[in-house]
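K.L.:
I'd like to ask some things about the structure below.
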Amino acid sequence: METASSKQRILVLGPPSLYSFYKQQFHSKYDIINPHLSPLHLFLPKQQPHTIQALLCSPKFRGGINSPLLDQLPSLKFIFTTSAGLDHIDLVECRTRNILVTNPGSLFSAPVADLAVGLFIDALRKISSGDGFIRNGRWPFLQFYPLGAKVYSFPYFLQSKLS
């Protein structure tokens with residue numbers, strides 16, 4: 001087993017939702033530095049920031065990854081963000097410092113599209129609403145639940161509204 005001093009040091013800012021799920025695996029392989037609720041400007045100087053080479057972040061980190069933060073991390077080589085967008089990272093500054101920045105890209109595009117289609121059908125056909133109608137015991141009293149629109153007729157409906 002590696003000692004904490006021989007493990008690569010990773011600063012976690014945000015933290016991304018995947019961090020809590022994989023926390024044990026991260027800690028077994030890396031020396032994880034996570035400021036939790038501590039103000040970063042007070043926490044970071046105590047953590048030997050010159051030894052931190054990687055950063056795991058999410059847009060939840062307020063302030064973003066910018067020049068003042070990068071100034072405190074002179075050995076930083078790699079930033080991974082769990083978001084599709086990179087608006088919270090100063091990419092020009094990272095490029096100037098030769099810091100590699102990556103994100104999941106389109107990794108979640110297909111699952112998100114599948115979920116969107118499922119939610120669309122659910123809303124159009126009132127599936128969740130109907131389920132609640134039954135589960136909450138309203139059907140013996142009201143005995144009628146309006147069905148939603150048919151999915152195959154929706155493009156015609158939309159086309160007539162747009163013309």
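The values are calculated or read from the model by the stated rules, or taken from the named source; none is laboratory data. All figures in this text were calculated on a predicted structure; none of them were measured in a lab. All Cβ positions, glycine included, derive from the backbone under ideal geometry; neighbour counts span all protein chains shown. These accessible areas exclude ligands, DNA and RNA; they are computed on the full protein's heavy atoms, side chains included. Shrake-Rupley method; radii C 1.70, N 1.55, O 1.52, S 1.80 Å.
K.L.:
Take the chain, mark every one of the trypsin sites (Lys or Arg not before Pro) that falls in a DSSP loop and has at most 16 other Cβ within 10 Å, then report the longest stretch left between them, sites excluded.
P.N.:
In short, 8-59.
K.L.:
In addition: Figure the gain on full extension for Ile121 and Asp71 (residue separation times 0.36 nm, minus the Cα-Cα span) and round it to one decimal in nm.
P.N.:
That works out to 13.1 nm of additional length.
K.L.:
Kindly report the accessible area of the chain per residue (heavy atoms of protein chains, probe 1.4 Å, no ligands, DNA or RNA), in Å².
P.N.:
69
K.L.:
A further question follows. Let me check against my output: what whole-number percent is the relative contact order of the stretch 1-157, with C-alpha pairs under 8 Å and at least 6 apart?
P.N.:
Once divided by the residue count of the stretch 1-157, the mean separation gives 17 percent.
K.L.:
From the list (i) 9, 27, 21, 13, 14, 12, 3; (ii) 9, 30, 29, 23, 9, 1; (iii) 11, 41, 37, 11, 0, can you say which value of P(r) over Cα pairs in 10 Å bins from 0, in percent was derived from the structure given?
P.N.:
(i)
K.L.:
Hey, another quick one. Quantify, in whole percent, the carbon and sulfur part of the accessible surface of the chain (1.4 Å probe; protein heavy atoms only).
P.N.:
After summing per-atom areas, the C and S share lands at 61 percent.
K.L.:
Another one. Working out 0.36 nm times the residue gap between Leu100 and Ala113, then minus their Cα-Cα distance, what length gain in nm do you get to one decimal?
P.N.:
Using 0.36 nm per residue and subtracting the Cα-Cα distance, I get 1.8 nm.
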